[in-house]
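A short write-up of the structure that comes next.
The values are calculated or read from the model by the stated rules, or taken from the named source; none is laboratory data. Small disclaimer: the values here were computed from a predicted structure and weren't measured. Here Cβ is always computed from backbone atoms with ideal geometry, including for glycine, and neighbour counts include all displayed protein chains. Side chains are part of the model used for accessible areas, which takes the heavy atoms of the whole protein and leaves out ligands, DNA and RNA. Shrake-Rupley method; radii C 1.70, N 1.55, O 1.52, S 1.80 Å.
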Amino acid sequence: MREIVFDTETTGLNPQEGHRLVEIGCVEIMNRVATGRTFHAYINPERDMPPEAERVHGLSLTFLSDKPCFLAVVPGFLAFVEDSPLVAHNAGFDFAFLNWELSQCGHPEIHVARMVDTLAMARTRHPGAKHTLDALCTRYGIDRSQRVKHGALLDAELLAQVYVELCGGRQIGLMLGAEPARAASTAPTAAAAPRTVRPPRPHAASAEELAAHAAFISTLTDPLWARYA
């Protein structure tokens, strides 16, 4: 099964208040294993960058000023994600921005049926624990040493590893339980060749071995079993 793990960075918290996407990063996974294919784009928000947002992701308006707008980025993004499920942490936030941007470009919104929220998964699996991406990386022993600031592609790569763990680890893709059924279904229908029955091999000790054993036993001083003989 193909899935896309993605993350976004924005100028703020609510697209209805005029905030925009500034970065999007996607990682392709197939049967819960990363394929190495990614999509990444910085986006010119065509507005100012609030200082509090810049402190989170480190993307200044100067840096973003020569980057393409979302309208120019969206064809590559849609071609990459195709119709695959989209996995995100606190996915409602990312979907709200993504669908607002798509609607402004005249594109259909992505239906929420395709949304997989790892935050909801983590709350179900680890109630009462911390559910931030950093906390989940720590829980599952995932190296996040390069995560100095938020970055869409790096966070998507980390989240892909977290998502696999939340789903039960990579063994989920081995389909161990399906092997016997598959082997049975592919077995030849012709009658198998008759088995060759071999005569039983002797396992009793020889007279020499019994004599050697008795000689060894006679050297033992006050053996425990002799008390109950």
Q. So what is the relative contact order of the stretch 1-119, in percent, for Cα pairs below 8 Å that sit 6 or more residues apart?
A. 26
Q: Return the carbon/sulfur percentage of the accessible area of the chain, one whole number, probe 1.4 Å, all protein chains in place.
A: 57
Q) Check residue 19: other-chain or 5+ apart residues with amide H under 5 Å from its amide H, H built from backbone geometry? A) 14
Q.
Can you sort 121, 1 by solvent-accessible area, 1.4 Å probe, largest first?
A. 1, 121
Q | Amide H contacts of residue 69 (H built 1.01 Å from N, under 5 Å, at least 5 apart or other chain) | A | 44
**Q.** Check: the chain dipole with +1 on Lys, Arg Cβ and -1 on Asp, Glu Cβ, in debye
**A.** 1080
(Q) Using a Gaussian network model on the chain with a 10 Å cutoff between Cα atoms, which of 56, 162, 197 fluctuates the most? (A) 197
(Q) What are the ³J(HN,Hα) couplings of the stretch 13-19, residue after residue, when phi is run through the Karplus curve with 6.51, -1.76, 1.60 and θ = phi - 60°? Round to Hz, x for glycine and proline. (A) 9, 9, x, 5, 9, x, 7
